[in-house]
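Encoded as C-alpha cells, the structure appears first; notes follow it.
Readers should treat all values here as calculations from the given coordinates under stated rules, not as data from a laboratory. What you see is a predicted model, and the numbers here were worked out from it, not measured in a lab. FYI the Cβ positions are ideal-geometry reconstructions off the backbone, even for glycines, and counts take in every protein chain you see.
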Amino acid sequence: MNTVNLISDDIKPYLNFFHPLIMWVLFGLTIYALYLGVQARRTRTADAEARKDLIKGKFANRHFQIGSLVMALMVLGTIGGMAATYINNNKLFVGPHLLAGLGMTGLIAVSASLSPFMQKGQDWARYTHIGLNTVIVGLFGWQAISGVEIFQRILQNF
Ligand code: HEM
Ligand code: HEM
C-alpha cells in the first residue's frame, strides 16, 4: 500500500494550510533577524560613546538566537511544504517554488555555518553572511508571491 494512503482523506485538505501560515510567520521573523543583524553591526562599528547605548540592546546575542530559530523553521517548513504537496498529489512539482525553497534552505545552512568565523572577527565571513542572507531575503519575497498563487489554486479546487 502507498504510505500516502495511510493519511485520512478528511485530514488531507487541511494540511495545505500549515505551510503557508508558518512561512508568513517566518517571513516576519526573518525581517526581525535582519533588523537585529543590522543593529549588531552598528554596535560593533559605533564609536565609544554611541556603543555604550547600543550595547545594552544585546543585538548580536539576540540576532544569533532569532537567526537560529529562523534556520530551524525554514528547514522544517520546507520539508513540511514538500510533505503536504506529496501527500495531496502523490508527486512533487519541480517548479520555481520548490527549487527556490530548496535553494534558500541550503543557503541558510551555509550562512549559519559562518558563525564561528564571524565570532572570531573574520570580515570575509561577515560579508559572505550578509551577501547570502540578502539573496535569501530576496528569494523569500518571491516565495511569498508564488506561494500565495499556489494557495489560491488550491482554494479554487477546495
Ligand atoms: C536570515 C537572515 C539573516 C540576516 C539578514 C542576517 C544578517 C546579519 C548581519 C547584517 C550581521 C552583522 C554582520 C557584521 O557585524 O558586520 C550578522 C551577524 C551575525 N549573524 Fe546573521 N543574519 C541572518 C541569519 C543568521 C543565522 C541563521 C545565524 C546563525 C544561526 C546568524 C548568525 C550570526 C552571527 C553569529 C553574527 C555575528 C554577530 C556578532 O557580531 O557577534 N545569522 N547577521
Ligand atoms: C511566504 C509564503 C509562502 C506561501 C504562502 C507558500 C505556499 C505554499 C503552498 C500553498 C504550497 C503547496 C503545498 C500543498 O500542496 O499543500 C507550497 C509548497 C512548497 N513550499 Fe511554500 N509557501 C511560502 C513560502 C515558502 C518558503 C519560504 C519556502 C522555502 C524556504 C517554501 C518551500 C516550499 C516547498 C519546497 C514546497 C513543495 C513544492 C512542491 O513540491 O511543489 N515555501 N508552498
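The lysines whose alpha-carbon is closer than 29 Å to the alpha-carbon of residue 56, local same-chain residues fewer than 8 away aside, are 120. In sequence order, the stretch 120-136 has phi-based couplings of 7, x, 7, 5, 4, 5, 4, 5, 5, 4, 5, x, 4, 6, 5, 4, 4 Hz under the Karplus curve 6.51 cos²θ - 1.76 cosθ + 1.60, θ = phi - 60°, and Gly or Pro positions carry x. When you restrict to C-alpha pairs under 8 Å that are six or more residues apart and normalise by the size of the stretch 8-156, the relative contact order lands at 26 percent. For the chain, adding -39500 (n - 2.57) for each run of n ≥ 4 DSSP H residues and dividing by the number of residues yields -28500 deg cm²/dmol at 222 nm. Taking 0.36 nm per residue of separation and subtracting the Cα-Cα distance, full extension of the segment from residue 17 to residue 146 would add 44.9 nm.
Phi angles of the stretch 102-111 translate, via the Karplus equation with coefficients 6.51, -1.76, 1.60 and θ = phi - 60°, into HN-Hα couplings of 5, x, 4, 5, x, 5, 5, 5, 5, 4 Hz per residue; Gly and Pro are given as x. The residue list 147, 130, 116 was ranked by how far each Cα lies along the charge dipole of the chain toward its positive end, using unit charges on Cβ atoms, and 116 comes out on top. For the chain, the normalised intensity computed at q = 0.12, 0.16, 0.17 Å⁻¹ comes to -0.60, -0.90, -0.98 (log10 of I(q)/I(0), Debye sum over alpha carbons, equal scatterers, no solvent).
Around the Cα centre of the chain, unit charges on the Cβ atoms of Lys, Arg, Asp and Glu (plus for the first two, minus for the last two) sum to a dipole of about 540 debye.
The long axis of helix 12-45 is offset from the longest Cα principal axis of the chain by roughly 10 degrees.
Candidates 95, 33, 57 compared by Cα position along the dipole of the chain: farthest toward the positive end lies 57, with charges placed on Cβ.
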